[in-house]
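Written out below as structure tokens is the structure these notes cover.
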Amino acid sequence: MVQNKKKVISLRPNQGKVSEAFKHPDTVKSSDSPDSSDSVGSVGSVGFSDSPGSSDSLEVLDNPQVSGRPSWEIYFMRISRLVASRSTCLRRQVGAVIVREKRILATGYNGAPNNTPHCFELPGGCLREARNIPSGQRQELCRGLHAEQNAILQAAAFGVSLKGSDIYCTHQPCITCAKMLINSGILRVVYLGDYPDELSLQMMKEGNIKLERIGLD
């Protein structure tokens, strides 16, 4: 049987006031908790201590079953991978998730525009493959929109401002997407895989977009 670790929170600083612990017991966290800055959810249960002086303290039980809880970075990046699984591109499946203050604003994956055939539905398949066009070149010769473009367009369609947000991408954005990200007011790009487009990286740096590459297991 797994034993829960115990922590005790003193209530003396709140003496004479109604403690938040009593208002919302499922959100109480110890100040030394690794997740104390997390504004959503809880990692344990709360109970009264039966030790001496229990009227001045609460006992917080850590739940080892959630010890593998992912960070926000990993959480959103995993979601971008899931979004990419909806892609209809025959070359590369890409997903993007736009986030502000830990809330998802829009998602997108690469594929043909609405109400038009996907490349896999056409007799000739992928136009770029048929013409042997390398990745990162002649982007106008493609039926699909990129994941970042679709995410930005989804936000626009529903009147959602992207100013001050972050975007999580399975791949580094291309130059066209980079210019759209700059003008959308996105401040940070977090991505997994490379894309052969050095100009994109240069322009995002010039546009004061912070670039971060992370890895997943």
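The values are calculated or read from the model by the stated rules, or taken from the named source; none is laboratory data. Small disclaimer: the values here were computed from a predicted structure and weren't measured. Neighbour counts run over all protein chains shown; Cβ positions are idealised from the backbone, glycine included. Ligands, DNA and RNA are excluded from the accessible area calculation, which covers all protein heavy atoms including side chains. Shrake-Rupley method; radii C 1.70, N 1.55, O 1.52, S 1.80 Å.
Any residue at all in segment 163-185 that's closer than 19 Å to Y75 by Cα, of a type in the set (G, A, S) and assigned to a loop (DSSP other than H, G, I, E, B)?
Yes, segment 163-185 contains a residue that is closer than 19 Å to Y75 by Cα, of a type in the set (G, A, S) and assigned to a loop (DSSP other than H, G, I, E, B).
On the given criteria, is A156 in contact (Cβ under 8 Å) with a residue 24 or more places away in the chain and not in a strand (DSSP E or B)? If you could, list the steps in order and put the result at the bottom.
Numbers: in contact (Cβ under 8 Å) with a residue 24 or more places away in the chain: no; not in a strand (DSSP E or B): yes.
No: the conditions fail for A156.
Could you please give the count of residues in segment 73-87 that are without any contact (Cβ under 8 Å) to a residue 60 or more places away in the chain and touching a strand residue (DSSP E or B) at 6+ places or on another chain (Cβ under 8 Å)?
Adding up the residues that qualify gives 3.
Rundown of residues vs (1) under 19 Å from A156 (Cα atoms); (2) surrounded by 23 or more Cβ atoms within 10 Å (Cβ to Cβ), yes/no style:
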{"residue": "F76", "(1), (2)": "no, no"}
{"residue": "I79", "(1), (2)": "no, no"}
{"residue": "L82", "(1), (2)": "no, no"}
{"residue": "V94", "(1), (2)": "no, yes"}
{"residue": "V97", "(1), (2)": "yes, yes"}
{"residue": "G108", "(1), (2)": "yes, yes"}
{"residue": "G111", "(1), (2)": "yes, no"}
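Kindly indicate the residue of segment 167-211 that is of a type in the set (G, A, S) and surrounded by fewer than 16 Cβ atoms within 10 Å (Cβ to Cβ) and also modelled with the lowest pLDDT among those meeting that condition.
G193
Considering every residue within segment 144-164, establish whether at least one is at pLDDT 90 or above, in contact with a helix residue (DSSP H, G or I) (Cβ under 6 Å, 6 or more places away or on another chain) and open to solvent by 70 Å² or more (accessible area, probe 1.4 Å).
So far as segment 144-164 goes, no, none of its residues is at pLDDT 90 or above, in contact with a helix residue (DSSP H, G or I) (Cβ under 6 Å, 6 or more places away or on another chain) and open to solvent by 70 Å² or more (accessible area, probe 1.4 Å).
Identify, by number, the condition in (1) loosely packed, with under 14 Cβ neighbours inside 10 Å; (2) modelled with pLDDT of 90 or more that E121 doesn't meet.
Result: E121 fails condition (2) only.
Please specify each residue of segment 147-177 satisfying the condition of being under 15 Å from the mean Cα position of the chain (by Cα), closer than 20 Å to L90 by Cα and not charged (D, E, K, R).
Result: A147, A151, C169, T170, H171, Q172.
Out of all the residues in segment 103-128, which are under 21 Å from P173 (Cα atoms), touching a helix residue (DSSP H, G or I) at 6+ places or on another chain (Cβ under 7 Å) and assigned to a loop (DSSP other than H, G, I, E, B)?
N110, A112, C126
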